[in-house]
1. When residues of the stretch 68-86 are filtered for being in a helix (DSSP H, G or I) and under 29 Å from A199 (Cβ atoms), how many remain?
2. Checking T152 against (1) at pLDDT 85 or above; (2) over 20 Å from V278 (Cβ atoms); (3) of a type in the set (S, T, N, Q), which test does it fail?
3. State yes or no: is V96 part of a helix (DSSP H, G or I) and over 30 Å from L275 (Cβ atoms)?
4. Does K150 fit the bill of being in contact (Cβ under 8 Å) with a residue 12 or more places away in the chain and open to solvent by 50 Å² or more (accessible area, probe 1.4 Å)?
5. Suppose the filter is within 19 Å of T252 (Cα to Cα), out of contact with any Asp or Glu (no Cβ under 9 Å at 6 or more places or on another chain) and surrounded by fewer than 24 Cβ atoms within 10 Å (Cβ to Cβ); does T401 pass it?
6. How about the stretch 316-351: which of its residues are hydrophobic (A, V, I, L, M, F, W, C), surrounded by fewer than 24 Cβ atoms within 10 Å (Cβ to Cβ), in contact (Cβ under 8 Å) with a residue 12 or more places away in the chain and farther than 24 Å from L158 by Cα?
7. Could you give every pair whose Cβ atoms fall below 6 Å, whose first residue belongs to the stretch 210-229 and is closer than 16 Å to G85 by Cβ and open to solvent by less than 70 Å² (accessible area, probe 1.4 Å), and whose second residue is modelled with pLDDT of 75 or more and of a type in the set (G, A, S), counting only separations of at least 6 or pairs across chains?
8. From the list N89, N174, exactly one residue is assigned to a loop (DSSP other than H, G, I, E, B) and among the polar types (S, T, N, Q). Which is it?
Amino acid sequence: MSAQRTPNAAGRTAGVSQGTTATPKGAWTVTFLLFLFMVVNFADKIVVGLAGVPIMNDLKLQPEQFGLLGSSFFFLFSISAIVVGFIVNKVATRYVLLTLAVIWALAQFPMVGTVSFTTLLICRIVLGAGEGPAFSVAAHAIYKWFPDEKRTLPTAILSQGSAFGVILAVPALNWVIVNHSWHYAFGALGVVGLIWVCAWLALGIEGPLEDTPALAANEPKIPYLQLLTSRTFLGCVIATFGAYWALSLGLTWFTPFIVKGLGFSQSQAGFISILPWVFGATIVILTGWISQLMMARGYTTRISRGVLGSVPLIVGGLILAMMPHVAGAGFQIALLVVGSGLCGAIYVVCPPMLGEFTPASQRGAVIAIYGALYTLSGIIAPMAMGTVIQRAGSMLDGYMTGFTINAVVMVGSGVVGLLLLWPNTEKARLTRGVAPQTAALKRAVSPT
């Protein structure tokens, strides 16, 4: 790997700024608020999986129906992400984030009372529409506070919100489910969402490094077809598709697997369910720190982002593939925790890679389209697992088959990512014709 290094800072490759822009005051405050934004986001996501067994018992659902419920969250997820992604190219992210958070909160309250399967399904679809653009808009907002060479760590912190959303929410929500009702768990999330809305109204402001309307009017553009067919964009989509397959299974099926597949109680499952997220949180922070350190030492972004994100996905898939071949619930849980947790690395590196070669005035849409495409696995994976379980000879055999399919998807997507992620050369190729246009524009408006 040392062969990828340059002898000095001046030799760093494209994708790393030659100069260093100071981080504005208030950047970390906004980063923390957006971290909390993602905490709420993933607490909203996990509640159906956490309450899966009580919901299936109360509403008398079959595994295929529960798989449909898990997938329903993603029915409008991708469409909403794309639409809002183009909106934030021209509208301040402050107001978009506020609107999304209000939708999340309001979508939770109908579940407080007695509900039918149809009502629960509709509310999850609405919630998914509100949460689809969340990460891409939050990342776009953060990038208005940090220059490119400083974006990996704040992206890692933002991604950490998903892990902490589960780590913090699971014990609290599970206590509500066990001691009161799964209905009240949804209501509690609605209240927490409204609290974040108040905090954002008081402290959330737009980043000063980029003026979105000015950029939209003056910055040279790269055709979207070129951006969306670039190998790094495709590599990011495919690699993260595999990672999100594992994540969506974790959100929907991990707790039911612990309870019905391995025989733990609901109370025990509440604590076990946080283990993948604790491990994943460690991977996310380590990836962000290592990536930024490697860039500071002169590694190409091909290595410090592309390889660093893809290899853990391959290794995680190979670990997950071992599950059906080992005995003992503890060993199986350990393999599931480590295998699925390693996926977190790819979420940290892909948005900064896309930001390397995408003009800032187009970045919101590109990151949103990226998110809309890879989260399509969230529609497929929960339903596929439900179908496999229902048709298997035994419930445990069904789970093991489902996790084996997950392993194959992870390894395949990781290999594709390893082959396609070259953000530094992508920038040079895509901007080759843009520089002369910029120079011509400057000459046309220059008074000298």
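The values are calculated or read from the model by the stated rules, or taken from the named source; none is laboratory data. Nothing here was measured: the structure is a model prediction, and the numbers come from that model. Counting neighbours? That spans all protein chains shown, and the Cβs are built from the backbone with ideal geometry, glycine included. Ligands, DNA and RNA are excluded from the accessible area calculation, which covers all protein heavy atoms including side chains. Shrake-Rupley method; radii C 1.70, N 1.55, O 1.52, S 1.80 Å.
1. The qualifying residues number 10.
2. (1)
3. Values: part of a helix (DSSP H, G or I): yes; over 30 Å from L275 (Cβ atoms): yes.
Here the answer is yes, as V96 does meet what is asked.
4. yes
5. On the way: within 19 Å of T252 (Cα to Cα): yes; out of contact with any Asp or Glu (no Cβ under 9 Å at 6 or more places or on another chain): yes; surrounded by fewer than 24 Cβ atoms within 10 Å (Cβ to Cβ): yes.
Yes.
6. L318, I319, A321, M322, M323, A329, I333, L335
7. From residues that are closer than 16 Å to G85 by Cβ and open to solvent by less than 70 Å² (accessible area, probe 1.4 Å), the pairs are E210/A360; L215/A360; L215/S361; A216/S361.
8. Sole residue among the options that is assigned to a loop (DSSP other than H, G, I, E, B) and among the polar types (S, T, N, Q): N89.
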